[in-house]
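Down below is the structure, laid out as structure tokens.
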Amino acid sequence: MKLIAKNEDTITSFKRSLFPLYLLPFLNLDSSTKENEQLKLSSLSVFFSLANSSKIEIVKFFADEELLSIFLKTLKEGSKISILVMVCILKIILSKEEIMEYICGNENLLINVKLFLIIFNYFLSFS
């Protein structure tokens, strides 16, 4: 799946199929078992590949309030490696101008992003 999400020829169709949304429940798995953590990291790797796309349709996919909220929740409840991967994904997402415009126009998302930045600072202080 990661290869499909990474390929510029297939990424748009992959996103349109809404298949990435089927990976979201795996982000909520308890990280206490090795298997759950591996499944969570595999799902995160697909989102990481999507986040690296420069296609505007994929960028807008990440501007979904629910999707960003799930990512932020993963930061609060994940293992260190899940948090690190999620921080990388969010850093890529937040570096895109279209996303920042959307976030600044949505008070709930702005609050969640502020929370992300606080968690990110906290995480860095223990790294």
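Read-outs: derived from the displayed coordinates by stated rules, not from any lab. Just so we're clear, the structure is a prediction, and the values are computed from it rather than from any experiment.
Remark: relative contact order (the chain) = 23 percent; criterion is Cα-Cα distance under 8 angstrom and separation of 6 or more residues.
Applying a length cut-off of 24 Å (Cα extent along the axis) and a mean Kyte-Doolittle floor of -0.5 to the DSSP H helices of the chain leaves 34-51, 107-126. Mind grabbing the base-10 log of I(q)/I(0) for region 66-127 at q = 0.20, 0.23, 0.24, 0.25 Å⁻¹? Debye formula, identical points on the C-alpha positions, no solvent, two decimal places. Results for region 66-127 at q = 0.20, 0.23, 0.24, 0.25 Å⁻¹ read -0.73, -0.95, -1.03, -1.10.
Given the options S95, S31, S42, which has the most mean-square fluctuation in a GNM of the chain, springs set between C-alpha atoms less than 10 angstrom apart? The residue that fluctuates most here is S95. Values of log10 I(q)/I(0) for the chain across q = 0.13, 0.14, 0.15, 0.17 Å⁻¹ run -0.50, -0.58, -0.67, -0.87, by the Debye formula with one identical scatterer at each alpha carbon and no solvent. Using θ = phi - 60° in the Karplus curve 6.51 cos²θ - 1.76 cosθ + 1.60, the 3J(HN,Hα) couplings for region 3-10 round to 5, 5, 5, 8, 7, 5, 7, 10 Hz; x is entered for Gly and Pro. Comparing I11, I81, I89 in a Gaussian network model of the chain (Cα springs below 10 Å), the most mobile by mean-square fluctuation is I81. When the listed pairs K15/K91; K34/K114; K55/K76 are checked against a 26 Å cut-off, the alpha-carbon distance exceeds it for K34/K114; K55/K76.
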